[in-house]
Amino acid sequence: MKKPSLLVAILFTVSLFATAAKAETVHIYEPVTVGSSTLQPGTYDVAYSGNGSDVQVSFSKAHKQIAVAPATLVVKKNSDVRMALTKTDSGSKSLDSIDLKNGSLTFTSAVNATAGAAH
């Protein structure tokens, strides 16, 4: 009767991997706004968890969380890490999206702005 307990252990391990946050390192070269926070130039660990339009993205520096923002994830392979910025009316820049190795994150404020512009 060891098979059922082994199966439960395997399923539990698989579910842990499926819900684990994914993370990559990005370099920001100028101040940008993401969510309600401004990220200063530097190297950040970007971690995200969730799927589809229900993703939480956190930006950390030296193991300290700096910002959290909602985003939409599209799972796909990207050859390079790229960021799309928008210049605001005040002259500052906001982070619209990040292409990471295994997916593209579009921040919710950028999705809402695009939807509003379409109407």
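List the pairs from Lys64/Lys87; Lys22/Lys87; Lys22/Lys77 whose alpha-carbon separation is above 23 Å, in the order I gave them.
Correct reply: Lys64/Lys87; Lys22/Lys87.
With charges only on Cβ, +1 for K and R and -1 for D and E, what is the dipole size of region 21-118 about its Cα centre, in debye, rounded to 20?
About 160 debye.
Which whole-number percentage describes the relative contact order of region 21-118, with Cα contacts under 8 Å and a sequence gap of 6 or more?
It comes to 22 percent, rounded to a whole number.
Suppose each label sits 7 Å from its Cα in the direction of the beta carbon; what would the Asn51-Val68 distance come out to in nanometres?
2.2
Bear in mind these aren't lab numbers, they're just calculated from the coordinates by the rules spelled out. Keep in mind it's a predicted model, so treat the numbers as computed, not measured. Reconstructed Cβ throughout: ideal geometry from the backbone, glycine too, with neighbour counts over all protein chains shown.
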